[in-house]
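The values are calculated or read from the model by the stated rules, or taken from the named source; none is laboratory data. Keep in mind the model is a prediction, meaning the values are calculated, not measured. Here the Cβ is made from the backbone with ideal geometry for all residues, glycine too, and neighbour counts use every protein chain on show. These area figures cover heavy atoms from the full protein model, side chains too; ligands, DNA and RNA do not enter into them. Shrake-Rupley method; radii C 1.70, N 1.55, O 1.52, S 1.80 Å.
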Amino acid sequence: MDELDRLILRMLQEDGRTPFTQIARVAGVSETTVRNRYRQLVDLGIIRTVGIVDPYALGFEAPALVAISVEPGSIDRVARAIGKLPEVSYLVMTLGSRDMMAEVFCHNLDHLTELVTQSFLVVPGVRSTETLVIARSYKLAYRWTPDLASIQGED
């Protein structure tokens, strides 16, 4: 990662639709150079360009975090099953009192109740769940912004 790579990342995180010509102008390089660097960042898996859907705008009014405890040796199997559920937006293995954490978006409390009792708890290997209904979101960010200056590179 050099300064041009970091600039491309910064500008695209601010607005993913920033034209390469604008990035090139700011960087003082050609559009072709920016386009090639962007392609390298994509090929290396450093950056992805995606469209983000706002679940609240689509009527998903019952977001929740579901903590999951699983039987020993079954976490990967459970993760594959739960990861297939369309309501699950985020699923991670955790270290601590619970084995996994899922973020889910449901239309209402009935939908959430059905999801937990009839989809999560029936997965072989799931021991128990704890559902934390999200009452209010104070920060909903779809991007993680690392301290780009601290990334080792070619500078």
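Rank A64, M11, T94 by how far each Cα sits towards the positive end of the charge dipole of the chain (+1 on Lys, Arg Cβ; -1 on Asp, Glu Cβ) and give me just the farthest. Ranked along the dipole, the leading option is M11. Think of each Lys and Arg Cβ as +1 and each Asp and Glu Cβ as -1; about the Cα centre, that makes the dipole of the chain roughly 180 debye. Subtracting the Cα-Cα distance of S137 and M93 from 0.36 nm times their residue separation leaves 13.6 nm of extension gain.
Each residue of the stretch 78-85 was assigned a 3J(HN,Hα) from its phi angle through the Karplus expression (A = 6.51, B = -1.76, C = 1.60, θ = phi - 60°), giving 5, 4, 4, 5, 5, x, 7, 6 Hz with x at Gly and Pro.
Share of the chain's accessible area from carbon and sulfur, percent, 1.4 Å?
For the chain, the apolar C and S fraction of the accessible surface comes to 52 percent.
Each Lys or Arg adds one and each Asp or Glu subtracts one; over the other residues with Cβ under 13 Å from the Cβ of L41, this totals +3.
Taking 0.36 nm per residue of separation and subtracting the Cα-Cα distance, full extension of the segment from D15 to R35 would add 5.6 nm. Only helices enter this figure: runs of n ≥ 4 DSSP H residues, each worth -39500 (n - 2.57), summed and divided by the residues of the chain, yield -9000 deg cm²/dmol at 222 nm to the nearest 500. Between the beta carbons of I52 and S74, assuming R0 = 41 Å, the FRET efficiency works out to 0.80 to the nearest 0.05. When a/c is below 1.5 the answer is rounded, else prolate if a/b is larger than b/c, else oblate, so apply that to the stretch 96-136 with a ≥ b ≥ c taken from the square roots of the Cα gyration tensor eigenvalues. Cα axes put the stretch 96-136 in the oblate bin.
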